[in-house]
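Working notes, beginning with the structure itself.
Just so you know, all these numbers are worked out from the coordinates, no wet-lab data involved. Quick caveat: nothing in here was measured; it's all calculated off a predicted structure. Cβ atoms come from the backbone with ideal geometry, glycine included; neighbour counts cover every protein chain shown.
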C-alpha cells in the first residue's frame, strides 16, 4: 500500500538545534526533500521568534520555496497572528497543534489545552475560506514530560471537538510510545473521526520505526519524518530527534509499502545535512547503507577474496568473529 512521507525536518528538525541554520540552507533542505520524492513538507512554523529563534526567518523560507515544483508547503501556526503570517506568506496547508496535557500546553503555547482547542476551532473557518487544507496534530498523545500518562479519552475528546479538520496526526512528542500503545490509540481515534490519519514519532527510546510500522498497520497512511532524524521540542525536557526520513522509508519499503521516496537520495540528503549542522545526524541508513545486494557487490569492492577457513590458519569460526572467551571448568 502507499504511505505518504511528510518531511518535517525544516520545522521540527531545526527548531531545537543549538545553531541557527542559514535561510539558504533551509531552502536547500526543502528542495532536497522534494528531489528525494517528498511532496508535502512542513516548511516552517510561524511562531514568536523570541521563543524559537531558529525559525525567525519563517516568511523568507516560505517565500524561498514558493516555486519548487510539486511542493505542498505546510506552515505550523499556534495563534491568530501566526495564521495571519502563514496566509500572507502563501502557505498551501496549515497545521495546528493542540497539546493534550495542561502543563505542557501552557509551556508550549501559553494556555491550557481546552483554550487551545477553542482557539483552533475559531481559526478553522479562515483556513477553509482561503481554500486551504487544515491538519491537526495532537501533541503529547502518548505521554507528557510533566504529568506522565495522558488519558486516551482526552485525546479522543480533542479530536472530536475539532472534527472540521482535514487530517489528524497523533504525536509522540517525547518518544515514550510502544507499538501496542500506537495500535490502541489509532484504532480508538478512528472511531471518532473520518479524517485521514497521520503519525508523528520521536526516536527517543529507539522505538520510532517500530511505532511507524504499528501505526501503518492500524490504518495510518501518512507519516511525519525528519531528514537525518534531527529535531525535538524546545519546551520538552530531554527532547530528542524525530524518526529519520531515510530510516522510515527503508522500514516501510522493506515491509512492502510504497513511499515514492528514494532511500539512497534520502540517505545522501542526511549526510549533506550533517555537513550543514557540523555534526553527524542521528539517522542510521546514511551510515549503514541499504539492504546488501549480495556477494557480487562485496566482490566488486573487495577484489581479493577473504582467506578461506582452514587455509593455513588455525582460527576457528568463533575466533574469526571476535575475541575468544574462557570456557571455564567442566
* Sorted by mean Cβ packing within 10 Å, highest first, what order do the peptides 254-263, 25-34 take? -> 25-34, 254-263
* **Protection proxy ranking, peptides 187-193, 244-250, 266-272, average beta carbon neighbours within 10 Å, highest first** => 244-250, 266-272, 187-193
* To do: Compute log10 of I(q)/I(0) for the range 155-200 with the Debye formula, placing one identical point scatterer on every Cα and leaving out solvent, at q = 0.16, 0.27, 0.31, 0.32 Å⁻¹, to two decimals.
  => -0.40, -1.06, -1.27, -1.31
* So between residue 287 and residue 50, what do we pick up on full extension, going 0.36 nm a residue minus the alpha carbon distance? -> 81.8 nm
* Structure fact -> Going from the fewest other Cβ atoms within 10 Å to the most, one would list 252, 119 as 119, 252
* Structure fact -> quick shape note, the range 4-288: Cα extents on principal axes in Å, largest first -> 42, 41, 33
* **FRET efficiency for residue 59 and residue 192, using Cβ-Cβ distance with R0 set to 45 Å, rounded to 0.05** => 0.80
* Inter-label distance, nm, simple model (7 Å from Cα along the C-beta direction), residue 255/residue 206 -> 1.9 nm
* Report the Stokes-Einstein translational diffusion coefficient (µm² s⁻¹, integer) for the range 17-133, Rh taken as the Kirkwood radius over Cα pairs, at 37 °C with viscosity 0.692 mPa s. => 220 µm²/s
* Asked: Hey, what number do you get for the chain at 222 nm if only DSSP H runs of n ≥ 4 count, each worth -39500 (n - 2.57), divided across all residues, to the nearest 500?
  -> -11500 deg cm²/dmol
* So, in nm, how far is label residue 160 from label residue 2 when the simple model puts each one 7 Å beyond its Cα toward the Cβ? -> 3.3 nm
* **Ranked packing of 48-58, 162-172, most packed first, by mean Cβ within 10 Å** => 162-172, 48-58
* Could you check what % of the DSSP bridge pairs in the chain are antiparallel, to the nearest 5? => 5 percent
* Grab the Cα-Cα distance for residue 31 and residue 126, subtract it from 0.36 nm times how many residues apart they are, and report the gain in nm with one decimal. => 31.3 nm
